[in-house]
Structure formats: C-alpha cells, structure tokens
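Everything below concerns the one structure shown next.
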Amino acid sequence: MTTKIILDTDPGIDDAMAILFAEASPEIELVGLTCVFGNADIDTSTRNALYLKERFGFQCDVAKGASQPLERPPVGASVAVHGENGFGDVAITEPTISADPRPAHQYIIDSVKAAPGEITLVAVGPLTNLALALQQAPEITDLVKEVVIMGGAFGTHDHTGNVTPFAEANVHDDPHAADIVFTAAWPVTVVGLDVTHEAFFSNDYIDTLRDTCGEVGEFIWDISRFYLDFYKARMGVDGCFVHDPSAIAYVIDPSLFEVRKGPIRVVCDGPAEGLTLQKHKDTKHKTDDWADKPAQSVAVKVNDQALLDLYLDTMSRFG
Ligand code: BDR
Ligand code: CA
C-alpha cells in the first residue's frame with residue numbers, strides 16, 4: 001500500500017533530492033508540495049517546486065506558504081549553502097505553470113480533511129506552515145496519519161547543531177513553530193541531525209547517481225556542485241550529509257531507523273534559540289514543561305548503508 005504524503009519544503013538542493021526521491025518511490029504517492037521560506041525566500045522556493053513539477057512531469061499540487069517565521073525576526077536565506085537561486089545557481093527556466101491559489105496551510109487543512117487518516121505530513125523546512133495549519137484548524141491532529149520532520153538535533157552521537165553550535169537550521173528558522181508542531185497531539189517522528197549526520201553522500205556516490213539515474217541524476221549532480229563546494233570549504237569533506245532525503249527514507253522504510261520516545265520542547269530565545277530537547281526518562285520534577293506533552297519519536301540510529309542503497313535503487317527508476 002502506498003503512503004500519501006504532503007511534502008512541506010524549502011527547495012533547496014537537498015530538498016530537491018528528497019522531492020525527486022518521493023516522486024520516484026513506488027511506496028509513496030506525492031499529493032502536494034507545500035513551500036515555505038528557508039533555504040530561499042518564499043517566491044524562490046515556490047518557483048523551484050513548480051520548476052521540478054513541470055520539468056519532471058509530477059502530478060502533485062504545489063502551494064505557496066509562509067514568507068516569514070511566526071515570531072522571531074527572519075534569519076535570511078541560506079545563500080552560502082544553496083546559492084542565490086536555491087539550486088546552487090544552476091540556471092533554470094521560469095515555470096509556465098502556477099501554484100494552487102490557496103496558501104499552503106489552507107491546502108494542508110483541506111487535503112487532510114478530505115482524506116481523514118490517510119495523509120502523512122513530511123516537513124523538511126521551517127515548520128511555519130504546519131504551525132499555521134494547527135493554529136487555524138487544531139482538529140487536524142486527529143485526521144493526519146503521521147508527521148515526519150527533518151529538523152532538530154538531540155545530541156546523539158554528539159550531533160548538537162549545524163547553523164549554531166546547538167541548533168539545526170529548520171528549527172532555528174522558526175523555533176516557535178517547531179515547539180507548536182512537536183507538542184501537538186499528533187504522532188511526530190523527528191529525523192534530525194542525530195541520524196542525518198550519520199549518513200553521507202560521497203562525491204563518488206553522487207557521480208553514480210549522475211551516471212545511472214538519467215536526467216534526474218544529471219540534474220542532482222549539477223545543482224549539488226555548489227553544495228559540495230560548501231561542504232568542502234566548511235568541513236573539509238568530499239560529499240554531503242543526507243538531510244531531507246532521510247525523512248523520505250523513514251516514510252518508505254521506518255525499520256532503517258531506531259527511535260527514542262518522549263515529549264519534545266524547543267528553546268525559543270537566547271543563545272540556545274532552536275535547541276531541541278526530548279525528555280526520554282520518566283523522572284519526576286516540581287516544574288516540568290514536558291510533563292503534559294505527548295511522547296514523540298526521535299530517530300537516534302540509522303542503517304546508513306541500507307539508506308544509501310534504498311536511495312540509489314529508487315532513483316535508478318529514472319534511469
Ligand atoms: C536542513 O536545513 C536546510 O538547509 C536543509 O534543506 C535541511 O532541510 C538541514 O539542517
Ligand atoms: Ca530543507
């Protein structure tokens with residue numbers, strides 16, 4: 001049975017890797033791409049989603065979402081990582097198709113209500129669209145099948161942050177939204193840096209994608225040149241971590257991951273802004289802002305070789 005997903009995204013180079021993975025997978029029906037600011041501004045991220053839809057012939061809807069965080073001042077686009085155009089400054093043509101007229105959060109609400117219990121929300125950007133959907137229609141918590149999020153860092157394997165020493169970019173971009181989404185009464189699985197920094201696409205692996213996955217593989221290779229230069233300059237490595245595609249891998253095969261249960265909160269201001277904390281021990285305290293929140297799942301271990309094999313095998317369907 002296929003899983004219907006709405007993929008909330010800020011494309012973005014690794015977002016494109018994830019979107020194309022979802023489109024390729026026979027286990028997934030990609031219902032919609034909902035766009036959010038993050039790696040690029042909202043017009044650019046929506047344009048990039050429409051570009052992918054038109055160029056590679058997706059059937060899914062595309063909806064434009066939030067242009068800024070709920071409360072904090074905007075951090076600004078991740079130009080150093082994803083380029084000015086979000087796709088590593090590879091020239092792309094303007095799409096001739098348009099987005100759904102509804103804002104992304106309304107699209108999410110309408111879609112979930114139209115198919116109760118069927119839709120998994122997968123979010124690989126700042127969580128603003130999901131938080132807006134929850135604020136406007138809290139009843140969707142009972143109607144969504146599952147929520148899978150690439151974001152956060154809980155310190156497993158010493159992975160504590162990327163954009164700051166103690167915050168992951170998607171959560172840091174809108175910590176208030178992340179706290180709303182993590183503490184809502186729906187089943188959330190977080191695929192954060194704890195596991196995405198444990199899986200690595202080497203330059204050789206991306207060369208293999210180019211050589212075996214047709215036009216899609218060539219496109220991923222082209223847009224990832226800029227991204228790989230960033231990784232080389234910043235971390236001295238020949239390749240990149242597997243962020244957004246890991247969330248799709250979880251939807252396809254959760255057995256690739258080991259999870260830990262417990263409520264999650266987000267630090268919303270100060271130097272630790274964007275820090276994610278899971279209370280995974282059953283301890284008692286006089287003050288406990290985790291105590292009445294639902295237990296969510298945090299991925300703490302990944303079978304990285306199996307994940308890499310799954311990605312290549314799935315993407316080779318484009319070959
Ligand atoms: C996350 O931040 C973005 O730059 C990536 O697309 C990914 O979603 C990794 O921290
Ligand atoms: Ca992303």
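Every read-out reported here was derived from the displayed coordinates using simple, explicitly stated rules and does not represent laboratory data. Being a predicted model, the structure only gives us computed values, none of them experimental. When we count neighbours, we look across all protein chains shown, and the Cβ atoms used for this are built from the backbone with ideal geometry, even at glycine.
Would you mind telling me the antiparallel percentage of the DSSP bridges in region 3-318, rounded to 5?
So the antiparallel bridges amount to about 35 percent of the total.
Please report the spacing between the Cα centers of region 196-229 and region 97-157 in Å, no decimals.
Using only Cα atoms, the two centres lie 28 Å from each other.
Please say if region 1-154 is rounded, prolate or oblate, where rounded means a/c under 1.5 for a ≥ b ≥ c the square roots of the C-alpha gyration tensor eigenvalues, and otherwise the choice is prolate for a/b larger than b/c and oblate otherwise?
Oblate is the answer for region 1-154, as a/c is 1.5 or above yet b/c matches or exceeds a/b.
What's the long-distance tail for region 124-252, i.e. % of Cα pairs beyond 27 Å?
28
What does the charge count around L132 come to, taking other residues whose C-beta lies under 13 Å from its C-beta (Lys +1, Arg +1, Asp -1, Glu -1)?
-1
Any idea what the dipole of the chain comes to, in debye rounded to 20, about its Cα centre with Lys/Arg Cβ at +1 and Asp/Glu Cβ at -1?
Its charge dipole is roughly 740 debye.
Give the residue list of trypsin sites (Lys or Arg not before Pro) in region 253-319 that are DSSP loop and have at most 14 other beta-carbon atoms within 10 angstrom.
Hits after loop and neighbour filter: K281, K284, K286.
How big is D, in µm² s⁻¹, for region 3-318 by Stokes-Einstein at 25 °C and 0.890 mPa s if Rh is the Kirkwood radius over C-alpha pairs?
128
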